[in-house]
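Structure, as structure tokens:
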Amino acid sequence: MKHYLLSVVQPTGGQPPAPDALAEIMRNVEAFNDELRAAGAWVFAGGLHGPETATVLRPQDGDVLITDGPYAEGKEYLGGLCLIRAADLDEALEWGRKAALATTLPIEVRPFVDRH
Amino acid sequence: MGEAPDIEAVFRAEYGRAVSVLVRFLGDIGLAEEAVQDAFATAVRTWPETGIPPSPAGWIITTARNRAVDRLRRESSRDARHAEAARLYAPDAAPEESPVRDDRLRLIFTCCHPALALQSRVALTLRLLGGLNTSQIARAFLVPEPTLAQRLVRAKAKIRDAGIPYRVPRDADLPDRLGGVLAVVYLIFNEGYTGDPALCTEAVRLGRLLAELMPDEPEVTGLLALMLLIEARRPARQDADGVLVPLPEQDRALWDRSLIAEGQGLVRRCLRRDRPGPYQIQAAINAVHSDAPTAAATDWGQILRLYDQLTALAPTPVVALNRAVAVAEVAGPAKALDLVDSLDLPRYHVLHAIRADLLRRLDRPAEAAGEYARAAELAESAAERAYLDRCRRDLDHRTT
């Protein structure tokens, strides 16, 4: 079994969905998580607060500097993530497809480095 | 001893099969390629003395497997992954060919996986299944060899690290994924059509392989038929000066009759099956052309009906453009020009060439000349440019 990270790609400064639409997305995401659990593929999943809530710690001259804000401003940010177990990329992409439909957002699928 | 063994021919014929078997055995494309190359290097040394073995492919596969096992044992002390492979695959675990599905079919689906960039799919397919080397592929696609080599390295690393599977997709995914494989083969063919003819040869070879491995997929048969019927016209497609000769002006005696017979036979098989698809219909259109003893004898009514059918399945602007050519023959150039003018393909040189021809036939030479010039400007091949320039000059000749 391999592990894959499904990242939810959130556009920066996008309009949040209307309450009704948001409720439906939340229901679909919950159903997606349930399906992952039932299939034994679920490891961890969660949404993240926006990049304005981020704090960066940077090593400097043996010390660590604390700064406010995200590490890099971008057109997109990591809106949430889901860690899954899958036999191969095809299986992971199938979960990614479902995640894209549930969240209505692009999903990036990346493999974890295999541990020995 | 007799004649010198033609190792090059064996290499071209068996490289893909050997790599595909070794990938299944070793679970890694890079290791499989190394092992097969080792085996061919051994063949180059020993076959001149021993002669070609009765089963060259079997010899190469067995030798490659033994080499790979030796290598894995040697390197096992410094690489945990290889050590594991060496344990898993004891030397007596013979890499037999799969009874149901040829390993090459798995390899094609891996090479053409949608998670890889299109350019990488093309390069991998030519490298692993065609046995073309990096410099041949780089030359054919006019990219620097280091760029192409790096593209291959990255693609193979992604296959390994992301876990792109080595198998034929399950039935539910098969139509989609097979469409992707056929698109890669047809792209290789089209590159060769205007560029390096070796790519056409390679695409036809891949098409034959797919047709042999998936005899029940009508679109696979259709693509092979399409490529054979187009390839049959290659000897007539350029004149002695390297100028393009369009279909109506071609010397039909130069067409390759055996390729046409083979292509038409495949088209008939598709018709009997009656599960039409875009490749099959395009093959049928080309079969109608190759049936006509002269350009004037072409059954344009039949071609237009086939284009109508193709439009229903694949309503693209390029299909609409080609349909307009048939409309010109059946209903006249004015009708066709209306259709062409409704299309939005501004940078496609074929549109301008067709438009030029229609304007010429409608006796509007000044506009036609402008369109020939535009088409020549956008054309990719020297043969096409030479033809379009000549058309424009002929026009000047007539108007003066």
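Structure summary
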read-out: Selection within segment A:67-116 - of a type in the set (A, V, I, L, M) and assigned to a loop (DSSP other than H, G, I, E, B); value: A:Ala72, A:Ala87, A:Leu105, A:Val113
read-out: Filter result (on the phi > 0 side of the Ramachandran plot and hydrophobic (A, V, I, L, M, F, W, C)) within segment B:289-335; value: none
read-out: Residues of segment A:1-29 classified as assigned to a loop (DSSP other than H, G, I, E, B), away from chain B (no Cβ under 14 Å) and of a type in the set (A, V, I, L, M), total; value: 1
read-out: Any helices (runs of 4 or more DSSP H) falling wholly within segment B:144-229 and containing at least 3 residues that are surrounded by 16 or more Cβ atoms within 10 Å (Cβ to Cβ) and within 14 Å of chain A (Cβ to nearest Cβ); value: B:145-162
read-out: Yes/no for A:Ala92 being of a type in the set (A, V, I, L, M) and either in contact with a Pro (Cβ under 6 Å, 6 or more places away or on another chain) or within 12 Å of chain B (Cβ to nearest Cβ) (or both); value: yes
read-out: A:Leu22 being within 24 Å of A:Val113 (Cα to Cα) and either touching a helix residue (DSSP H, G or I) at 6+ places or on another chain (Cβ under 7 Å) or modelled with pLDDT under 95 (or both); value: no
read-out: Qualifying residue in segment B:374-384 (condition: touching a residue at least 60 places away in the same chain (Cβ under 8 Å) and surrounded by fewer than 14 Cβ atoms within 10 Å (Cβ to Cβ)); value: yes
read-out: Matching option when the condition is in contact with a strand residue (DSSP E or B) (Cβ under 8 Å, 6 or more places away or on another chain) and within 30 Å of A:Arg110 (Cα to Cα), among B:Asp176, B:Asp161; value: B:Asp161
read-out: Options B:Pro248, B:Pro276; residue that is without any contact (Cβ under 8 Å) to a residue 60 or more places away in the chain and outside any helix (DSSP H, G or I); value: B:Pro276
read-out: One residue from B:Ala261, B:Ala240, B:Ala284, B:Ala334 being part of a helix (DSSP H, G or I) and more than 25 Å from the chain's Cα centre (by Cα); value: B:Ala334
read-out: Checking A:Arg97 against (1) away from every other protein chain (no Cβ under 14 Å); (2) surrounded by fewer than 17 Cβ atoms within 10 Å (Cβ to Cβ); (3) over 13 Å from A:Gln10 (Cα atoms), the condition it does not meet; value: (1)
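Quick grid of which residues meet (1) in contact (Cβ under 8 Å) with a residue 12 or more places away in the chain; (2) more than 14 Å from chain B (Cβ to nearest Cβ); (3) surrounded by fewer than 10 Cβ atoms within 10 Å (Cβ to Cβ):
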residue: A:Ala45; (1), (2), (3): yes, yes, no
residue: A:Asp68; (1), (2), (3): yes, yes, yes
residue: A:Tyr71; (1), (2), (3): yes, yes, no
residue: A:Gly80; (1), (2), (3): yes, yes, no
residue: A:Arg110; (1), (2), (3): yes, no, no
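The values are calculated or read from the model by the stated rules, or taken from the named source; none is laboratory data. Fair warning: this is a prediction, and the values are worked out from it, not measured in the lab. All Cβ positions, glycine included, derive from the backbone under ideal geometry; neighbour counts span all protein chains shown.
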